[in-house]
Amino acid sequence: MFSICFCGVDGSGKTSQINILKDILKRINREVIVIHMFSENSTIISKLHNKNIINKFIVFIRNLNDSFLNSSLKIIMRLTNILLDSWITTAINARKYKNKIVIYDRYFYDVLVILASEYPKIVNFLMSFAVIIPKPNTVFILDINPEVAIQRKEENSLRETKVVCDLYRLLGEKINWEPVNANLSKTEVSAQIQKSLKGII
């Protein structure tokens, strides 16, 4: 299995670039599987969330008040969830989609970014866990100006978008991966992506 993930703030162009890449790969007869990480049942842990006892436990944790102890418990539980899910899901997908190209529309890195955005006082601590998440063969972090992103996704505020954009840049530093300039045209961004995938396209 050759795995590719696309990460980035809402409005950075992930879905557009995934569709372009998928079409290119299909034209050269490569088998492609696209997994949207935030879809229901896309990961092993998300499949378990529907189980009654686990669902009740998740609701209980979410409803805890935000005291120091409870917040610490929430963070530990969510980090454990991210790490376990990432390793189990990617191991199963490697066997299930052997000899195929798997494109992740968002990845476990994005879940980590969401968690870090909720707890700004410990951003560096939380983002340090990015190196423990299994790294795909290729990572595309689409870096875009917040002002451009909110023009595409108006439901997000500029302030929130700036925070998340900074977190994705920090993610690139943590996993030692250069972001893609997503401020360019779709064609230019696609050209950058294709250049990075010269070995499989």
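Looking only at region 95-102, decide whether some residue is of a type outside the set (S, T, N, Q), over 13 Å from the mean Cα position of the chain (by Cα) and part of a helix (DSSP H, G or I).
yes
Identify the residue in region 79-95 that is surrounded by 13 or more Cβ atoms within 10 Å (Cβ to Cβ) and not hydrophobic (A, V, I, L, M, F, W, C) and, among all such residues, is farthest from Ile4 (Cα to Cα).
Going through the qualifying residues, I end up with Asn81.
Filter region 8-28 down to the residues that are in contact with a Phe, Trp or Tyr (Cβ under 9 Å, 6 or more places away or on another chain) and either in a helix (DSSP H, G or I) or hydrophobic (A, V, I, L, M, F, W, C) (or both), then identify the one that is nearest to Ile200 (Cα to Cα).
Leu21
Starting from residues that are of a type in the set (S, T, N, Q) and in contact (Cβ under 8 Å) with a residue 60 or more places away in the chain, keep the ones in region 142-201 and report whichever is farthest from Leu115 (Cα to Cα).
Gln194
Let me confirm something: among Ile175, Ile201, which residue is touching a Phe, Trp or Tyr at 6+ places or on another chain (Cβ under 8 Å) and either within 26 Å of Lys22 (Cβ to Cβ) or surrounded by 14 or more Cβ atoms within 10 Å (Cβ to Cβ) (or both)?
Within the list Ile175, Ile201, the selection yields Ile175.
Counting only residues that are over 17 Å from Lys195 (Cα atoms) and among the acidic types (Asp, Glu), how many does region 1-39 have?
The number of residues fulfilling the criteria is 2.
Computed from the coordinates by the stated procedures, all read-outs in this text should not be read as laboratory data. In this text the structure is predicted, and so the values were computed from the model without any measurement. Counting neighbours? That spans all protein chains shown, and the Cβs are built from the backbone with ideal geometry, glycine included.
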